[in-house]
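Here the structure comes first, spelled out in structure tokens, and everything after it is commentary.
The values are calculated or read from the model by the stated rules, or taken from the named source; none is laboratory data. Please read these numbers as outputs of a predicted model, since none were measured by experiment. Cβ atoms come from the backbone with ideal geometry, glycine included; neighbour counts cover every protein chain shown. For accessibility, only protein heavy atoms count, side chains too; no ligands or nucleic acids. Shrake-Rupley method; radii C 1.70, N 1.55, O 1.52, S 1.80 Å.
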Amino acid sequence: MGDYKPAETLTHRRRATLAAARAATLQPMNRRFEADRQSLVAADISFENEHNKRDHSLEISWNKTKNDKKKRRNDISDMLSNCHKTQESLLSSASGYKNYRGVLNWCVVMLVLSNARLFLENLLRYGVLVDPIQVVSLFLNDPYSWPAACLVIVSNVFILVALYTERQLSKGSFSELVGLLVHCINMAVLLTFPAAVVLLVPSVTSVGGLFVLGTYTIVLLKLYSYKDVNFWCRELSTMKAKKLSRSLSCPSEHRFYEGERKVCYPGNLTLRDMYYFIFAPTLCYELNFPRSPKIRMSFLLRRLFEMLFFTQLLVGLTQQWMIPIIQSSMKPLEDMDLSRMTERLLRLAVPNHLLWLMFFYWFFHSSLNFTAELLRFGDRQFYKDWWNSESVTYFWQNWNIPVHKWCLRHFYKPLLRRGFSKMFSQSAVFFLSAFFHEYLVSVPLRMFRLWAFMGMMAQLPLAWFVGRFLRGNYGNAAVWISIIIGQPFAVLMYVHDYYVIHYRQEGE
């Protein structure tokens, strides 16, 4: 038993040594195996990545091929599709095409270039003729005598007489007959007094006389409207109307901003109300005018700049372009043959028409909008699209809206209500317009030849002819020709008569 235990211990140690040696031997082998295993995993990962990349590139290539085929099919379909369809040419009336802005710009460029040539020829022939001092002399013969300005100040007397008369009528101090008689006398003197002064006072120049008579004519039309509207208010009062809270002339409602109050008759018979109407850019009186919310300074300054710019341009072109042509035309017509007279008429037509267009923009757009903005006057429709007129009647109804509204409200419709026909009423309106055209031309020139009167009355048969035989673009062309040729023809007639009266008599 004692011998057996050491042998067993020795065996046990030997086994532990062998196990330790085996563990020592297996440890490096395990490390190599782990390294090989990691390299294999890395290889597998790289192989998988490459495989994925290859699959992705194959997928991209396949998609590209598919897109190329689809694009090719679309290209072939597009090439095989019909390139024609039923449609009209743009310049045909049936096409409905209306955007000719490029053509309009081309016309403007050609107009500028052609007139630049004429202006250059004028400058080379006559030199610079623009003289601001000469403009002042057109208004004043004597720097210490201002008859035109004095006449404009005197017009306040007629305004105050009309206001006083209406106040007396509202209180019942004047009967309707007496009030009508006072108004008629006041307006008759208003029409004849300035004409007599212009004709009899030598210091009143032609331009100053035109300004005075134009001012008095505007005041006359305003006072006539003022008389009518207040008379209609009294008629409503006698019919036991409770209030007159809006305008009689316009049935539509107006917008009044906060702080604005509506005026009822006879609360409108004040100096403030009267002079607001006198300075407002309208000829038709209302108790409550539409008002804008505020004065827009940027808009006001733009209109002021346009007024100043076009004033200088009109004066400069008149001195440099119009006056030399008029002076060269100052010869009796009997001394000229038909071709010479036609040549002078055409030479006068272009500058006269351009100046008329500039005057239209200066007065009806710049000046009236400036006044309306300053007074916060809401109705800014001073003109419509008269340039698209296809009839003479449409032109006269839309190029001067304030005058058209006055004629329609205070002259044309009252004639219809009294039983007159439309033809007679229209003829009466043209007759009234012809009278004032002749009044504003003949009196300042101090000669009566009725060319302006006959020119206006000739609009009646022209309106009938254009409306009956010409339509669309042909009618519009006829209207433009009448504007371009008619005005310089009347100017040429007055120039001829002015030459005969003044220069031939001085020569004799």
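Taking the conditions (1) in a helix (DSSP H, G or I); (2) open to solvent by 70 Å² or more (accessible area, probe 1.4 Å); (3) closer than 15 Å to L151 by Cα in turn, I185 satisfies each one other than (3).
Among the conditions (1) in contact with a helix residue (DSSP H, G or I) (Cβ under 7 Å, 6 or more places away or on another chain); (2) buried (at least 16 other Cβ atoms within 10 Å of the Cβ), the only one that K405 does not satisfy is (1). Every test in (1) polar (S, T, N, Q); (2) modelled with pLDDT of 85 or more; (3) outside any helix (DSSP H, G or I) is passed by S298 save one, and that test is (3).
Any residue at all in the stretch 410-420 that's in contact with a Leu (Cβ under 9 Å, 6 or more places away or on another chain), crowded, with 19+ Cβ neighbours inside 10 Å and either more than 23 Å from G209 (Cβ to Cβ) or at pLDDT 90 or above (or both)? Within the stretch 410-420 (the criterion being in contact with a Leu (Cβ under 9 Å, 6 or more places away or on another chain), crowded, with 19+ Cβ neighbours inside 10 Å and either more than 23 Å from G209 (Cβ to Cβ) or at pLDDT 90 or above (or both)), the answer is yes, since at least one residue qualifies.
Scanning the stretch 167-182 for residues that are of a type outside the set (K, R) and either modelled with pLDDT of 95 or more or open to solvent by 20 Å² or more (accessible area, probe 1.4 Å) (or both) gives Q168, S170, G172, S173, F174, S175, E176, L177, V178, L180, L181, V182.
If you filter the stretch 190-208 down to residues that are over 34 Å from the mean Cα position of the chain (by Cα) and among the hydroxyl-bearing types (S, T, Y), you find that the one that is least open to solvent (accessible area, probe 1.4 Å) is S203. So which helices (runs of 4 or more DSSP H) stay within the stretch 422-507 end to end and still have 2 or more residues that are under 30 Å from S92 (Cα atoms) and touching a residue at least 12 places away in the same chain (Cβ under 8 Å)? Answer list for the stretch 422-507: 459-469, 472-499. Condition first: in contact (Cβ under 8 Å) with a residue 24 or more places away in the chain and polar (S, T, N, Q). Now tell me which residues in the stretch 166-200 satisfy that. Hits for the stretch 166-200 are S170, N186.
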